[in-house]
Each structure stands twice: as C-alpha cells, then as structure tokens.
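Throughout, read-outs are computed from the coordinates displayed, never taken from laboratory work. Bear in mind that the values here come from a model prediction, so they are computed numbers and not experimental data. Cβ atoms come from the backbone with ideal geometry, glycine included; neighbour counts cover every protein chain shown.
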Amino acid sequence: MLRYSLRRIVLLIVTLWLLSLLIFSLNYWYPGNAVTNMTGISASNPLAYQEVYVARGFEDGIVTQYGEFIRHLLQGDWGLSLVTQQPVFAEIKPLLGATIELGLLAMFLAMVLGIPLGVYAAVQQRGPMDRIVMGVSLSAYSIPVFWLAQLFILLFAVKLGWSPISGQINPLYAIETQTGSILIDIWLSDSQFKTAAFYDALNHLWVPVIVLAMMPLTMLIRIMRNAVLDVLQQNYIKAARARGLSDSTIMFRHTLPNAMQPVVRQLGLQFSVLMTNIVITEVIFNWPGLGSWLVKSIYERDFPVIQAGLLILASLILLVNLFVDLLHAWRYPQVRKEIDAE
Amino acid sequence: MFKQLMVASGTLLLAACGPVQTDSEVYQDGLVYCSEGNPEIFNPQLVTSGTTVDATSAQLYDRLLDYDAKQQQFVPALARGWQSFDDGRRYRFNLRKDVNFHHTDWFTPTRTFNADDVLFSFQRWLNEQHPYYPVNGGRYPFFRSSGLIRLIEHVEKIDDYTVDFHLAQSDSSFLANVATDFAVILSEEYGQQLIAAGNPEQIDRLPVGTGPFAFELFRKDFVIRYSAHKDYWREQPEIKTLVYVITPNANKRMLKLLTGECDVIPYPLVNELSQLDQDAQIEVGSSVSPNVSFWAFNTKQPPFDNVIVRRALAHAINRPAIIQTIYSGNARLATGMLPETSWAYSPVQQTYPYDPAKARELLAEAGFPNGFSMDIWAMPVQRAYNPNAQRMAELIQSDLAQVGVQANIVSYEWNTFRQRLVEGEHDSVLIGWVADNADPDNFFRPTLSCAAARSGNNRAQWCNPEFDRLLIEAIAESDLDQRKHLYQAIEDFVMQQAPLVPIANSLRFQAHRDDVEGVELPPYGGINFRYARRIKDAPL
C-alpha cells in the first residue's frame, strides 16, 4: 500500500509540476506583457510595475522567473484581476465553496439514485423494467448538459413556476458570503429569516443539482448494472446459492461489496466529467462558482484570473482522482496486487 | 461536509418549530433590479457608461441641482438656490444644511455636507494637482468632452454654505452640465480619511455619498446591494433593500421578470415587448431617450458637397416605413435634430417629406438625371438609437434604387468603423447621437460644428462658419425663450443645408412587475429608485 501510495503521490507531483509549467508559459503566450499577465499590474502604473518586475525576477533569466512564479504561487500571491484590480487569491475561497457544494450534492444524488437503480436493473436483467431503466438512462446520457439545463429552466421555472431561473438565493435575503456554500452560509449567518432563506436556497438548488447529476447518474446506473451482472456470474455466488442462502443475503453480503469495486474506480473519472459539466451548469444558472468565474474571465481576457481558474480546477480534479485511487487501493487489496504485479 | 449539512438542516427544522418568521417582509421591503452589466466603478465622474450611471448616480449620490424633465427646468438639490453674476461668468450656489452622508462600516461621518465637499468633488477633476486627480484612472470623460473642465476656471468657497463657480466665459449649458448624473458630490471628510490611511482608491470602490441609498456590497457578475439611507435629507425611499442582480443575457432577464425573480429590468427585447405587454403582471414603461439616429453625408466628398444632391436624397427615403420596420413602432419620427424631450423642441417638421418624384427632379437639377452610385456605411452594433443599422441600410438602398441611385452597404468591425469614419473615408453613414444633458447645445455642437469636424465626431465632415456663429449666439444667450428661437433657427439651417437626415428618436424601455411603481427613467441620465415602492396589497 505504501509503495502504491508513494507512486501515486509522485505522479501527482509530476503532473502538478507540468501544470505549473504550462500555466507559467501561458503568461508569455497570451498577448501583451508577461509581467502584467502574471500580476495584473499594468505598465501604466510605473511604481507598482517596477516593484513587481523586480519581485517576479524579470531582471534575470527565465529560470529565476519560474522560481519566483512558484514562490508567489505557494505564498498565495496570485496577482490582481485585470478587471477589478482585486487580489485573485482572496476571491477563490467563496467560489470554490459554491462549486464544491453544487458538485458534492450532484455526486451524492447520482450515487443515491444510480447505485440502487443499477442493481435493480441487473436483478431484472432483460426484463421490461431493465429495458426501461436502461433506455431512459441512455436517452438522458445523450442529452448534452447545456440543452438539458435550458429544458429544465423552461419547464420547471418558466412553465410550472416551481423554481427560480438562476442564482443561489433570492438576493433580498442578506446572506453574507463566507464559505461560498449557500447552505452553510445561511447556517452561519445571523439573518432573522434563516428558515425562509434556507428553503429559498434549496428551491434554487434542486434544478442545477439534477441537471448536473444526470450525466454521472446515468453512467453509474450502467456501470453498476454491469458490475452486478459480472459478480453474479462468479463461482462464489453459485456456491452461495448452492449453500441455500437467501437472495437478499447473496445480494447484500456477497454481490454488492464486490460489485462496488469497479464503481469506486469509476468515481474519479465521473468527477472529472462532473467538473466539465459544472462549468456549463454554473454559467447557465448564474451560479457564483469557479466555472462561471473562469468563463467570464475568458470573455474579459483577464489573464491572472484565467490562470487561477485553470490551476484550481485542474488541481481539484487531480486531487480528487488521487484520493479516489488511494481509497480504491486501500479498500480493495486485489487492485494493489494487480498493480504491483505489473 | 455532508454531515454538516445534515446538522444544518436539522437545526433549521428545529428552528422552524419556533415562532414562524414570515419572509414576506423581505420581499415587501426589497426590490430587485436585473441590470444588464457590471458597473465599472462606483463613481460616475470617472466614466460615461450608462450601466455605471444607472447603478450609481441617482442611488448613491446627489448633485447640486437636478433637472426636472417634466417641467423642463432645474430644481434645487444640494444647492438651495443659485444666482448668476458678471454676465453669467460667475455662479453662486447656496448650499443646503443638515445633509447627512452615508454612515457605513467603513466610514462614520462627523459632520454634515458643506462647501468643502463641493470643492473636493469639483477640484478632483478640475485640478490636476489635486491628490485625487489621478486616482482610479484619472480620466474624466464627461467633463472633458462637455468642455466643463475648461469652462470652470475655479471654484471658490465663500463661506461654509456658499460656493462660487468662476467660468471662463458665459455659457448657458453650465447649469445643465452641473445637473447631469456625472457631477456628483463626494465626501471630503471620507477623502481625507482615505488619504491618511494611504488607500485613496477605495473612494470609488466603497463609495460614500448623500444619496437615498447606501452601498452595502458588490460581487462582480452577481449582485450589488444597497440599503436605504436612514438619514436621507429628502423623503425616505420606501424600499429598504435595493438589489441589482447582474444579468447580461436579455432573454434570461425577460424570463426572470416573468417568473418574478426580477422586479424591474432595463432594455427588454423590443420584438418581444408586445408579448410582455399581454402578460397582465408586467408593465412596460418607456421614455423618449434624448437620442437621434441620422443618416449623415460626407459633405467633403462629391457629389455630397452639393446641397441639392443632399436634399434629393433626403426626399428619397421613406422614413415612416423605416420607423415601422426597424423599431417596430417603438420610436418617433424625428422632426429635426432635437428630440421631444428637449425644451427647445418644437413639433414643426424640420425635415424633408418622402417624395421620390421630387427627389428625381432635384437629382436632375444637380446634374444626375441617371443617378449615381454611392456607399452607405451601416454600424455593426446595436445602439439604443438604432437597433439594426444593417437592415435600415437595406431599406434605404431600395428607396434609393427607386430614384436611380445605386447604393452599396459597407460595414466594418465597430472600432475600425469609427476610426475610418474619423478619417472621413465614407460617402454616407447611418449612425446617431445620445445626448448627455438637457441642453440643446449638446445635440449640435458635438455633432455638426467645425470643431467636431476637426475631431472627426462630425460624421458629415461639415464645417459651416454660419452654423458655428449661430451656435455661439445661442449658447451666449441666457433668456430661455430667446434661446428656443435661436435653436429653431439652427434646426432650420440644418434642414436647409441637409448635412444629415434625422431619422428617429427611439424610446428607451424598462419593464417591471405590476406590483412595483415609481421607478423613474428620466430622459437624461440613469434610472432612479428613490420613489420606487411596492404596492402593499399585491399578492406575493
């Protein structure tokens, strides 16, 4: 396990290093001045410009500049936004909170619905319910997120009026942004309308969460179904049957724990898909998260923000994948053996 | 985190069992305005963008005087009254006492408004040596383009509540410029505190003013929150919380109005307005915005240097049809350069009627019995005064074909377009003008004077000394009736010379829920929420 973990961590560090190299190079590839792209301070402010010019190692060669880039990155000095002239790093926390809240809820919903439905479909294999579940999940999987989001807005918000169109909460509730996660912020706030605000926030949340959960949900159903079917073929299940164990014991004691293995392995991948979709979802639902922040910064050519957005989203995906891999290897020793045997 | 959420929801469910708080209060006392974009900064002195003006001027700040568009006159605001001396070269303002500045988390005022604040607010952009002059960009586009920066020689404090403005020459547009949304009054005391704290940039980002609403917070791309100014010197605003939700997408803005997430929206889509009107819960308000769209001829280029050709072309186009097609009727046919909102406006037609036969006759008289070929430049962007210049150019193209003139439509990317216009490369162009203040001078000097021809803003490249003389005469006159006559003479002169054909004065729209009233959309300047209120009995 230790050897495996070390290998994964070294791999992560190498990937992060390559990522930092890419982002560092972007400063030179973007149009304009590299110092400005890096720090958000333009040459029209000569005093501050001279200061960062020296601090970022622009009097020396490219290697020093990279060293300074990493040092500033680690210190949390990520430059100023070209548009707002506010420090980029300070903006990240609430955005990250909002993105993680949406992502986690969607992932949670996908697992809570996807796993039982997958098992159900497997048990009903080739039966009518199996076909219905699989058919619906395939159709849902084929609808692009941006389209699904618009459809849901039209249906639930405009036609039925069950939910608002966009945003985190009705802005008239003066909820102070602390963590960025709206439910936690309401909990922490001292608003006198906490309960009402909480329901209002939930009302804003459910449509984007369902939209976002759709893709991983349909994937999970399919993976789970296949995994259960695979396990049901195994000899130890036949043996269990021969021992006269009840169907439910076979399912919950023997099939499910083993069938979860490929599902856990897939979770990291599903998270990457989720992160891609979250960018689109956030833009459509005007969700104050990293994704919409990144997209807007691209429209505004706000290079320090683009870098920060890329770095955070990429690191988040890498870290979650590492975590899932480690969890997978720790939980299922046979995987470690496979890897060690390579 | 999920555990935390469970705990959170658990606590909330428990809380719900206690005395139930109604949330209707929140809705009743608040108003959501879905604005079309982020303000660049919270001080209109520094910009000319309408979005920023809408977000700041009337809400956060007050001016020395206001312009009452209904009565078409200036009314006292922070100045109780004013007089002019020395043949209009000195204006004295008597200031109001007991005007409070906003009391916020970042500033506690120790004194009320006085002459120092007026000096501070004007010196900031008048005096290049002023410590705040270079802060946050240090460009003051409105004051520069309106000439106010050169007109005001200096501002003098007579006593704590009296201020004198010394002007370089008599200029009757002075009061109009001081009443614009740009000439706001800042707090001198706040300015001094920020200098002492070494943080002067904050003055335009965490603003302090005397206006009906105080700034609370701004999250770029999402929300601006204002709360009612408790010690406002005029009548308290009725709404307690004013929220701007930034919604750049026009479709989404309209849908959010339909679902009730927005109470008021600007710039609803014109072609869907009729649909909006049918919905009983939505009301559409409009005002004639002080703008004019026109078709300007490059009078330096033959054959447009010939006034007969220009008149012929003016007769050749069917403007009522254009209004119907391009603006779906949401515009008025221009009767001259001045729109209806101007006090110098007169309903007399000072344009050429549609008359193709007459146009042919005039063309023949000018020596073009078989017509000629020309270019029409059409803006690549939408503007309030012209939502679709390309389509308008096509309509004009077919009208011109009727009289034998063959027109080609030309367009470039917007920045290039304007640069080339300044160079005078065009034959004719479809463009327009939006006035910044209520003074009629603002419709002529920046668009048709010789100075404007030199700077390139004169799209007709037209420089007529007689016209400039009329302008100077009108600006030097201080009697309103006299001035009105002079501007009518100017309109006649423009019509006679026809350097351009005024086409339309478009309306500016705003739509709101029917339980909201009192949202003001003055023809000059930004939206005003001071009188906005929710009708109490309305169902939520």
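Listing for the model above:
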quantity	calculated
For the range B:197-260 and the range A:248-305, distance of Cα centres in Å	34
Nonlocal amide H pairs with residue B:66, under 5 Å, H built at 1.01 Å	B:75, B:77
P(r) histogram, all alpha-carbon pairs of chain B included - 20 Å bins from 0, percent	20, 49, 26, 5, 0
Directionally averaged shadow of the range A:151-234, computed from the convex hull of its alpha-carbon atoms, nm²	7.9
The range B:97-108 - phi-based ³J(HN,Hα) in whole Hz, Karplus 6.51/-1.76/1.60, Gly and Pro as x	9, 6, 9, 8, 7, 4, 9, 10, 5, 9, 7, 10
Derived scalar couplings ³J(HN,Hα) [the range A:29-34; Karplus, 6.51 cos²θ - 1.76 cosθ + 1.60; whole Hz; x for Gly, Pro]	7, 4, x, x, 8, 5
Residues with amide H under 5 Å from that of residue A:81, placed H, sequence gap 5 or more	A:86, A:88
Prolate/oblate/rounded label for the range B:34-149 (Cα gyration tensor, a/c 1.5)	rounded
Overall form of the range B:157-247 per C-alpha gyration tensor (a/c, 1.5; a/b vs b/c)	prolate
Length-normalised contact order of the range A:93-301 in % [C-alpha pairs under 8 Å, at least 6 apart]	35
10 Å Cβ shell holding at most 11 others, DSSP loop, GluC sites (Glu not before Pro): longest site-free stretch of chain B	B:236-412
Volume per residue that the Cα convex hull of the range B:347-440 spans, once the total is divided by residue count, Å³	144
Amide proton proximity set for residue B:327, modelled H, under 5 Å, gap of 5+	none
Cβ-derived FRET efficiency at R0 51 Å, residue A:140 paired with residue A:18, nearest 0.05	0.90
Cβ-derived FRET efficiency at R0 30 Å, residue B:340 paired with residue B:192, nearest 0.05	0.10
Percent of alpha-carbon pairs separated by more than 29 Å within chain A	53
Average beta carbon contacts from partner chains per residue of B:216-224, 10 Å cutoff	5
Range in chain B, longest, excluding exposed trypsin sites (Lys or Arg not before Pro) [loop by DSSP; at most 15 other beta-carbon atoms within 10 Å]	B:301-535
Size of electric dipole in the range A:2-74: Cβ of Lys, Arg +1 and of Asp, Glu -1, about Cα centre, debye, nearest 20	560
Residue among B:444, B:478, B:408 farthest towards the positive dipole end of the range B:404-514, charges placed on Cβ	B:408
Exposed trypsin sites (Lys or Arg not before Pro) absent: longest stretch of chain A, with sites in DSSP loops and at most 10 other Cβ within 10 Å deemed exposed	A:1-125
Acute angle (nearest 10 degrees) that the helix B:356-365 long axis makes with the longest principal axis of chain B, alpha-carbon atoms	50
Label-point separation in nm, residue B:383 to residue A:247, each point 7 Å along Cα→Cβ	7.5
FRET efficiency, residue B:514 to residue B:332 (Cβ-Cβ, R0 22 Å, nearest 0.05)	0.30
Quarter of the Cα convex hull surface for the range A:197-336, i.e. its orientation-mean projected area (nm²)	11.5
Charge dipole magnitude, Cβ of K and R +1, D and E -1 - the range A:225-276, Cα centre, debye nearest 20	140
Gaussian network model of chain A, springs between alpha carbon atoms under 10 Å - residue of A:325, A:60, A:77 with greatest fluctuation	A:60
Spread of Cα-to-Cα distances over 10 Å intervals beginning at zero, given as percent, for the protein assembly as shown	2, 10, 17, 20, 19, 14, 9, 5, 3, 1, 0, 0
Volume of the Cα convex hull of the range A:54-183, divided per residue and given in Å³	216
Inter-label distance for residue A:45 and residue B:98, nm, one decimal - labels placed 7 Å from Cα along Cα-to-Cβ	4.3
Using alpha-carbon coordinates, inclination of helix B:389-402 to the longest axis of chain B, degrees	20
Viscosity 1.567 mPa s, temperature 4 °C, Stokes-Einstein D of the range B:291-507 from Kirkwood C-alpha radius, µm²/s	75
Over chain B, relative contact order from alpha-carbon pairs under 8 Å, at least 6 apart, %	18
Virtual spin-label span in nm between residue B:145 and residue B:108, 7 Å along Cα→Cβ	4.3
Expected-Rg normalisation [2.2 N^0.38 Å, Cα atoms] applied to the range A:2-74	1.37
The range A:22-80 and the range B:483-508: distance between their alpha carbon centers, rounded to Å	54
Student exercise, the protein assembly as shown dipole from Lys, Arg, Asp, Glu Cβ charges, in Debye to nearest 20	3660
Kirkwood hydrodynamic radius (C-alpha pairs) into Stokes-Einstein, the range A:249-315, 20 °C and 1.002 mPa s, D in µm²/s	152
Residue-wise HN-Hα coupling along the range A:136-141, computed from phi with Karplus coefficients 6.51, -1.76, 1.60 (Hz; x: Gly, Pro)	5, 5, 5, 5, 5, 5
Selected from A:278, A:132, A:210 as most flexible by GNM, with chain A as the system and alpha-carbon contacts under 10 Å	A:132
